[in-house]
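Below is one structure, written out as structure tokens, with a few remarks after it.
Each reported figure results from applying straightforward, stated rules to the coordinates on display, with no laboratory input. None of these values were measured; they are calculated from a predicted model. Cβ: placed from backbone, ideal geometry, glycine included. Neighbour counts: every protein chain shown.
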Amino acid sequence: MQRSVPVSQPEMQPGPGRPPRGERGERARGDLTGRPFPHGDWGVPAERLDELYHWCETGALRTAEWYLADRVGKRRTGRALRLAGAVGLTTGAGLPLADLTGVVPGAAAWGSLALLLGAAALACDRYFGVTAGWMRNVATAQAVQRRLQRLQFDWATESVREVLGPAEGTAAEAAERCLGVLRRFSEDVLELVGAETAEWMRAFAAPPPPLAPHPAPLPVPPLRAPLPDPLPPPRFPLPPGPRPNMPRQRPPEPPR
């Protein structure tokens with residue numbers, strides 16, 4: 001059964017250098033907020049699917065551009081802090097040696113200050129997550145771009161299947177398949193952004209709560225007095241058998 005309405009056409013596909021339709025020349029500004037979903041008449045499915053494709057592509061390009069633009073300031077600040085830390089630590093280690101050899105007399109006192117400044121610069125970089133932040137931005141932007149490239153090839157495959165491939169199913173099934181491709185792409189991009197946000201939140205999470213108080217120790221039972229040692233066996237053991245009965249003797253009478 002052939003399809004009555006074409007779903008997509010090759011000329012609708014944007015080229016690698018073609019900016020997204022409707023936002024040419026615009027740059028991503030502000031935060032990554034949601035965008036209104038394009039609504040229109042589904043009387044012509046090809047135009048509606050093409051509009052949805054450009055909507056998804058524009059959102060992905062805007063997300064990648066936002067991360068690449070956000071990394072610029074963090075990269076410069078992170079490099080400056082790490083450079084200051086390296087200079088401070090090197091200077092702090094070299095000044096005492098210069099003072100010891102007599103090249104710069106009295107420079108040892110400044111060595112501790114240089115070490116302190118270098119350590120403070122590295123601590124600021126690590127505490128505020130400057131270097132880790134711009135590396136995370138680059139990784140997320142690259143992941144979004146890779147997913148966008150997969151979408152472009154999947155969409156091109158659907159276009160070639162529509163134009164050159166055998167006609168399988170109806171136009172409704174083809175439109176549903178294209179909508180599934182766009183929906184999976186949008187969900188994958190949102191998962192990438194959510195994973196980056198969760199990692200950023202873990203980096204700035206509050207310290208773990210204090211440990212629970214230790215439970216009271218169990219009462220120790222009182223120590224019992226050691227039992228006396230058993231009596232040693234008699235030196236001359238009694239012969240086996242019943243014990244002989246000795247006759248009773250009458251006590252002597254007192255004198256009268």
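Just to verify a number: FRET efficiency for residue 153 and residue 110, C-beta to C-beta distance, R0 = 45 Å, to 0.05?
0.15
Taking θ = phi - 60°, what integer Hz values does the Karplus form 6.51 cos²θ - 1.76 cosθ + 1.60 yield along region 194-201, in sequence order, with x for Gly and Pro?
Couplings: x, 5, 5, 5, 5, 5, 5, 5 Hz.
³J(HN,Hα) across region 31-47 via Karplus (A = 6.51, B = -1.76, C = 1.60, θ = phi - 60°), whole Hz, x for Gly/Pro?
8, 7, 9, x, 10, x, 6, x, 10, x, 8, 8, x, 10, x, 4, 5
Hey, fewest Cβ within 10 Å first, where do 48, 202 land in order? Before the final figure, lay out the partial values.
On the way: 48 19, 202 8.
In increasing order of surrounding Cβ atoms, one gets 202, 48.
Residues with amide H under 5 Å of residue 104's amide H, sequence separation 5 or more or different chain, H placed in the peptide plane at 1.01 Å from N; which?
Counting only residues 5 or more places away or on other chains, the set is 99.
I need to check one value: relative contact order of region 39-203, counting alpha carbon pairs closer than 8 Å and at least 6 residues apart, in percent.
28 percent
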